1. When the convex hull of the C-alpha atoms of the chain is computed, what volume per residue in Å³ does it have?
2. Which net charge results when you count Lys and Arg as +1 and Asp and Glu as -1 among the other residues whose beta-carbon is under 11 Å from that of Q68?
3. Around R240, under 9 Å between beta carbons, what's the net of Lys plus Arg minus Asp minus Glu among the other residues?
4. Cross-link candidates for K227: which lysines have Cα within less than 27 Å, leaving aside residues fewer than 8 places away along the same chain?
5. Using the membrane-span-like helix rule (whole DSSP H runs, Cα extent along the own axis of at least 20 Å, mean Kyte-Doolittle hydropathy at least -1.0), which helices of the chain qualify?
6. Taking K and R as +1 and D and E as -1, what net charge do the other residues with C-beta under 12 Å from the C-beta of W14 add up to?
7. Please work out the C-alpha center-to-center distance from segment 220-249 to segment 275-293 and express it in whole Å.
8. Give the separation of the Cα centroids, segment 20-81 to segment 256-273, in Å.
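No value in this document is a laboratory result; all are computed from the given coordinates. None of the values given here were measured: they were computed from a predicted structure. Using ideal geometry, Cβ is built from the backbone for each residue, glycine included, and neighbour counts are taken over all protein chains shown.
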Amino acid sequence: MNKNRFAVELPTAWRSIRSGVFIGKLGILAALLCLGFTFIASNFVPLVLLGVLLVGAMFAHAIELQHQCLHGTAFKNPLPNHLVGTALGLPMFVSFTKYRSLHLKHHRNVGTQHDTEFFSYGKRLEELSTRQLLVRSFSLKRYHQVARDILHYLFGIGKDHDGFSGKTRRAIRREYGVAIGLLVALAIPATFMGSSFLLKFWLLPALFLAEPIHFWIELPEHFRCAKLTDSSLAHTRTIRGSLFSFWFTNGNNFHVEHHLFQHLPIDRLPAVHSLIDERIVHYESGYPAFFQNQVLKRTLEHKEEANFSC
């Protein structure tokens, strides 16, 4: 079955974009970030640690909200999708335009040998043990690419390997420029507020919490699914999950549904799931089930095979 000709008729109303729903998501994000920052500012160590964890989790959540913006389903008009999407990516130095360009390419090429992704955590993840995956999740290799991008797009240092158009390149340059400008703007008051200001309020949550959290959000999407097939039912995974996981991943758990109908607003995906759930090849009831069945169980199987071969 071709992924672009899936035989399910959706009500026309499902395709309407309800901006108010997304604004509500932004309100929750802002409230939880403020709570996290308040905890950090308390200087009471347990609250500071809780605040750093909360802020890091919200930085990762913001990338999932950015994902909806790049598909153009957060707001009805392109401009607010672009502006809000750009802002959501700032804490983790994610260029909205570059992410959108590579991610939409992923949607076109998924299930083929030309598939690529913006968040690339390395090849052969399926072969890694649980411990190795955990170590990989804390890798800061992506920021090495971010540094290369900043040097290239802002200062012309290095070669262009992306093949983007001039318009796209200018947009990426602006977005990295805003991120660097924000970092400099925060560094100035940080000199008067103590050396740990930027570390606690931004760098520690972004580098050492948001990055691994986002790794584990993204990992299940195509992990140990069919690599070369034109069926979204086979090359992508759906995790039914809870209301909390649906909110925190911004619907990323319904990933088969998203690949089938990428222009459908995220809040409609649970309804789509009810129409196709029995046809999905890679399906898990929740995230604990995914980790148990696809991560921990596979690690134990590999150990048993290694012991048997010995």
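1. 166 Å³
2. Value of the local net charge: -1.
3. Combined, the nearby Lys, Arg, Asp and Glu give -2.
4. Excluding near neighbours in sequence, the set is K3, K98, K105, K123, K141, K297, K303.
5. 19-41, 45-70, 141-155, 166-193
6. 0
7. Computed from Cα coordinates, the inter-centre distance equals 8 Å.
8. Centre-to-centre distance over Cα atoms comes out at 22 Å.
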